[in-house]
1. May I ask you to derive the FRET efficiency for Arg105 and Arg140 from their Cβ-Cβ distance with R0 = 41 Å, giving the value to the nearest 0.05?
2. What is the spin-label model distance, in nm, from Val78 to Glu203 if the labels are put 7 Å beyond Cα along the C-beta direction?
3. Excluding Ser51 itself, what net charge comes from residues whose Cβ is under 11 Å from its Cβ, given Lys and Arg +1 and Asp and Glu -1?
4. Under 5 Å between amide hydrogens, which residues at least 5 positions from Val68 or on another chain qualify, with H placed 1.01 Å from N in the peptide plane?
5. In a shell of Cβ-Cβ distance under 11 Å around Thr65, excluding Thr65 itself, what net charge do Lys and Arg (+1) and Asp and Glu (-1) give?
6. Given a 1.4 angstrom probe, I'd like the percentage of the accessible area of region 1-81 that is carbon and sulfur, rounded to a whole number.
7. Could you work out how much longer the chain between Glu185 and Val71 gets when fully extended? Use 0.36 nm per residue separation minus the Cα distance between them, nm to one decimal.
Amino acid sequence: MNAQRRSTRSLHIPARPEQVPLARRAVLDTLRGWGVPAHSEAVQAIRLIASELLTNVVLHAAAATEQVGVVLELCDGVWIRMGVHDGHPECPAPGDGDTEATHGRGLQIVHALIEELHGVVLTERTDDGGKTVWVELPCRVEDGGDRYGGPDTADSRVPVERPVLVERPVPVEPRVPVERPVPVERPVPVEPRVPVERRVPVERRVPVEPRVWIDVARL
């Protein structure tokens, strides 16, 4: 496709389920800003295709992808070209047609819709080891293309809804009460006294002078 006029928008969103509606809304807003009728088959198809491709990335490639890239182009005012990039090397494949299958039916609908609108879908390997799935669909611009001024290139990021930060009190670890023992006055140790044997006082006798015996018979 040799396009001489082209408008381009690129979006980047976190690979999380709640971001898919935001990216889809940004794609539709971009097409509306370029003058593509919102009720046209091309826009309705792009809406469904963007949802399926982005959901497929979130479900199957989030482990290898922090952010999903979406490139949207309007070529010559008659072609819409959308690319969805992720970091997973495996290419998405439609299911086997089982009506009771829970996965793969969305991609079947995407391929059938692109074929019905005479569009093109292809997968391109990228240098980072991932891939980009490209979808091209014919379209028309309102008012004879007066709103399409191309070339126009921009890179934007889908605003992420962030929760309001609430200051939470710092949790304080509860203190475990410690049972403190009641101080007990300890008696001062006294050295045991050695019992002393007391001596019984002995009365001392007054020394008596020895008596001299006189033999009277000899007198």
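1. Efficiency, from the Cβ-Cβ distance: 0.85.
2. 16.0 nm
3. +2
4. The answer is Ile13, Ala15.
5. Around Thr65, the charge tally is -1.
6. Carbon plus sulfur share of accessible area: 48 percent.
7. The span from Glu185 to Val71 would gain 32.5 nm if fully extended.
The values are calculated or read from the model by the stated rules, or taken from the named source; none is laboratory data. All values derive from a computational prediction rather than experimental measurement. FYI the Cβ positions are ideal-geometry reconstructions off the backbone, even for glycines, and counts take in every protein chain you see. We work out accessible area using only protein heavy atoms, side chains counted, and drop any ligands, DNA or RNA first. Shrake-Rupley method; radii C 1.70, N 1.55, O 1.52, S 1.80 Å.
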